[in-house]
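Trainee: What follows is a structure written as structure tokens; I'll ask about it next.
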Amino acid sequence: MIRPVRWSTTALVAVVGAGVAWVAFTAFDAWGTPPTVPAASAWTVGGLAVIVGVVAWWAHRHLRVRRDPIEPGRALALLACGRAAIVGGFLLAGGYLGIAAYSVRRIDAVAPRERFTVGLIAGILCVVLGLAGRVLERACRVHDSDSDNGPDADDDSA
């Protein structure tokens, strides 16, 4: 049985992403100039969030509301997509928000202000991506009526 991604796991992944970004930007700062964060990254993440959100809406509508049958392979692919969006979205959110937090100390300069702004916007869009993945994962759950007494129901009948 595949269990949903825990909120504690998403928090841990976000903290790891923020830590990696902070360490990387500290190292870049010590050896020269930290790289810029392209605005296209925010647009890309926003596009992914929209795509996953539309797929989540479709899956919810067909699997939970209309209760249409679905091929097991397709259901597994949808579940994997949702879980990847959760983990990837929150990992990137931590990274982008870590970049924004690192850049806030020198926000008076142009480059750090740009890194802060793009990092903050991309971080928020990554959270939206992770939440869309959560909705998609939830849409792929087996209906509660399919397992009346839970996974251990068969063990008590013997």
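Trainee: Out of the residues in the range 99-117 meeting the condition of being of a type in the set (Val, Ile, Thr) and out of contact with any helix residue (DSSP H, G or I) (no Cβ under 7 Å at 6 or more places or on another chain), tell me which one is surrounded by the fewest Cβ atoms within 10 Å (Cβ to Cβ).
Mentor: For the range 99-117, the residue satisfying everything is Val110.
Trainee: Looking at Arg74, is it touching a Pro at 6+ places or on another chain (Cβ under 9 Å), on the phi < 0 side of the Ramachandran plot and loosely packed, with under 14 Cβ neighbours inside 10 Å?
Mentor: no
Residues checked against (1) part of a helix (DSSP H, G or I); (2) hydrophobic (A, V, I, L, M, F, W, C); (3) within 23 Å of the chain's Cα centre (by Cα):
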{"residue": "Val87", "(1), (2), (3)": "yes, yes, yes"}
{"residue": "Leu92", "(1), (2), (3)": "yes, yes, yes"}
{"residue": "Leu97", "(1), (2), (3)": "yes, yes, yes"}
{"residue": "Ala101", "(1), (2), (3)": "yes, yes, yes"}
{"residue": "Asp108", "(1), (2), (3)": "no, no, no"}
{"residue": "Val118", "(1), (2), (3)": "yes, yes, yes"}
{"residue": "Gly123", "(1), (2), (3)": "yes, no, yes"}
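Residue-by-condition table, conditions (1) more than 21 Å from Val127 (Cα to Cα); (2) in a helix (DSSP H, G or I); (3) within 16 Å of the chain's Cα centre (by Cα); (4) not small (Gly, Ala, Ser):
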site: Thr26; (1), (2), (3), (4): yes, yes, no, yes
site: Thr33; (1), (2), (3), (4): yes, no, no, yes
site: Ala49; (1), (2), (3), (4): no, yes, yes, no
site: Val55; (1), (2), (3), (4): no, yes, yes, yes
site: Arg61; (1), (2), (3), (4): yes, yes, no, yes
site: Arg64; (1), (2), (3), (4): yes, yes, no, yes
site: Arg67; (1), (2), (3), (4): yes, no, no, yes
site: Leu76; (1), (2), (3), (4): yes, yes, no, yes
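Trainee: Could you tell me which of the residues Arg67, Arg83 is touching a residue at least 40 places away in the same chain (Cβ under 8 Å), farther than 12 Å from Glu137 by Cβ and not hydrophobic (A, V, I, L, M, F, W, C)?
Mentor: On inspection, the qualifying residue turns out to be Arg67.
Trainee: Please verify whether the range 33-40 includes one or more residues that are of a type outside the set (Val, Ile, Thr), surrounded by 16 or more Cβ atoms within 10 Å (Cβ to Cβ) and modelled with pLDDT of 95 or more.
Mentor: Scanning the range 33-40, I find no residue that is of a type outside the set (Val, Ile, Thr), surrounded by 16 or more Cβ atoms within 10 Å (Cβ to Cβ) and modelled with pLDDT of 95 or more, so the answer is no.
The values are calculated or read from the model by the stated rules, or taken from the named source; none is laboratory data. Model, not experiment: these values are computed from the prediction. When we count neighbours, we look across all protein chains shown, and the Cβ atoms used for this are built from the backbone with ideal geometry, even at glycine.
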